[in-house]
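Presented below is the structure to which this report refers.
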Amino acid sequence: MASSNPTASPAPWKSLFLEHVSKQEDPYMAVATVERDPKSGSSIPRVRYCGFRGFFGELKLHHSAEKQLKEENELNPSLYESDLLAFTTDVRMQKVEQFGDFEGAIEVVFWVKEVMAQWRLRGKAFVIGDDANKPAERESRSEISKSLRRKPNPSDDSEASAENWTWENEVTAYFANHSPIMRGSFKNPAPGQPLSEEPTDPNLKLGQKVTGLHDAIARANFRVVVIRVEEVDRLDLTRTERAVRWRISDSNKTGQWEEVELWP
Ligand SMILES: Cc1cc2nc3c(=O)[nH]c(=O)nc-3n(C[C@H](O)[C@H](O)[C@H](O)COP(=O)(O)O)c2cc1C
């Protein structure tokens, strides 16, 4: 069960952002984090592409994933919506440690050429998918809960009650939405380590297929990253002679978004 904020309404940028991003068949975003350089101790930027997995609570399941979750009785009722961006990752990747070192600092950027729009979204990342008793997992779930809204028109279905919604099922749904080979990638040798370092654990190999939802090794590494957006910078290049730029921010983190048009 997740508590939620019943009074809040969607962020003012959400519908246009979705309209734009949905022009792309398979949207990817560049994800920027901050790393502490181990030698000098200074802060350095890191950036990489990740697949955008929609807004947290609103995951659009592939047919086969939905079928498998239903068969295993692990499908959450569709109760929540949010303005939180989601992507999946492997806990062994560096970005996860960087979130820990820099209070979840994150910026992502999308270039949607179809509508000549750049969307930069800055905020705080929360990582879920670990044991529910770990303090960091509890903290992430609790912070995410504050930004979940109950959908305005929940179905009359008796299953659609908050008691039937669990964090475990939600993370499992993201895992289920990956193909067997992608699920198997969470059992790869440690990402980013030299190839010359053979893993000591024989279960860690490239190219494995995982068909089940609860492979212990893959699930121990699998995480969902949830981004609470605090500032949006939208650049519209439709008219090159008069580009349009907006800053939309929730500086007080109260859901009171302020929109300012900027010189581009
Ligand atoms: C098209 C594309 C999609 C990717 N999607 C993801 C993703 O969804 N999640 C992820 O963690 N890495 C993804 N990657 C790999 C990352 O770019 C990166 O190599 C990896 O996350 C390790 O980065 P890190 O160690 O700095 O965290 C993707 C790469 C490409 C090229």
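Quick notes on this one:
- Projecting label points 7 angstrom from Cα along Cα→Cβ for VAL91 and LEU16 puts them 4.0 nm apart.
- Amide H within-cut-off set for LEU148, under 5 Å, with H built and near neighbours excluded: ASN5
- Derived scalar couplings between HN and Hα for segment 230-239 equal 10, 8, 10, 10, 10, 10, 10, 9, 4, 10 Hz in order, rounded to whole Hz, by the Karplus curve 6.51 cos²θ - 1.76 cosθ + 1.60 (θ = phi - 60°), x for Gly and Pro.
- Prolate/oblate/rounded call for segment 169-264, Cα gyration tensor, a/c under 1.5 rounded: prolate
- When the charge dipole of the chain is built from unit charges on Cβ atoms (+1 for Lys and Arg, -1 for Asp and Glu) and taken about the Cα centre, the candidate among ALA125, ALA176, LEU195 whose Cα reaches farthest toward its positive end is LEU195.
- Shape of segment 115-217, Cα gyration tensor, a/c cut at 1.5: prolate
- Qualifying aspartates and glutamates (Cα of each under 14 Å from Cα of LYS113; at least 8 residues distant if same chain): GLU19, GLU25, ASP26, ASP236
- Footprinting exposure proxy for GLU143, GLU258 (fewest neighbouring C-beta atoms within 10 Å first): GLU258, GLU143
- At q = 0.19, 0.26 Å⁻¹, base-10 log of I(q)/I(0) for segment 1-64 (Debye sum, equal scatterers on each alpha carbon): -0.95, -1.18
- Violating pairs (Cα-Cα greater than 22 angstrom) within the set LYS23/LYS151; LYS23/LYS60; LYS70/LYS146; LYS23/LYS209; LYS95/LYS187: LYS23/LYS151; LYS70/LYS146; LYS23/LYS209
- Phi-derived couplings, Karplus 6.51 cos²θ - 1.76 cosθ + 1.60 at θ = phi - 60°, listed residue by residue for segment 189-195: x, 3, x, x, 8, x, 4 Hz, with x used for Gly and Pro.
- Estimated inter-spin distance, GLU103 and LEU237, nm [label 7 Å along Cα→Cβ]: 3.3
- In the calculated pair-distance distribution of segment 14-262, the portion above 22 angstrom amounts to 60 percent of the Cα-Cα pairs.
- Residue order, fewest to most beta carbons within 10 Å, for HIS214, HIS63, HIS178: HIS63, HIS214, HIS178
- Modelled label positions at ALA220 and ALA30, each set 7 Å beyond Cα in the direction of Cβ, lie 3.6 nm from each other.
- Choice from THR254, THR200, THR211 with maximal GNM fluctuation in the chain (Cα, 10 Å cutoff): THR200
- Value of [θ]222 nm, deg cm²/dmol, for the chain, DSSP H segments ≥ 4, -39500 (n - 2.57) each, nearest 500: -6000 deg cm²/dmol
Bear in mind that the values in this text are calculations on the coordinates, not laboratory data. Since we're looking at a predicted model, the values are computed, not measured. Here the Cβ is made from the backbone with ideal geometry for all residues, glycine too, and neighbour counts use every protein chain on show.
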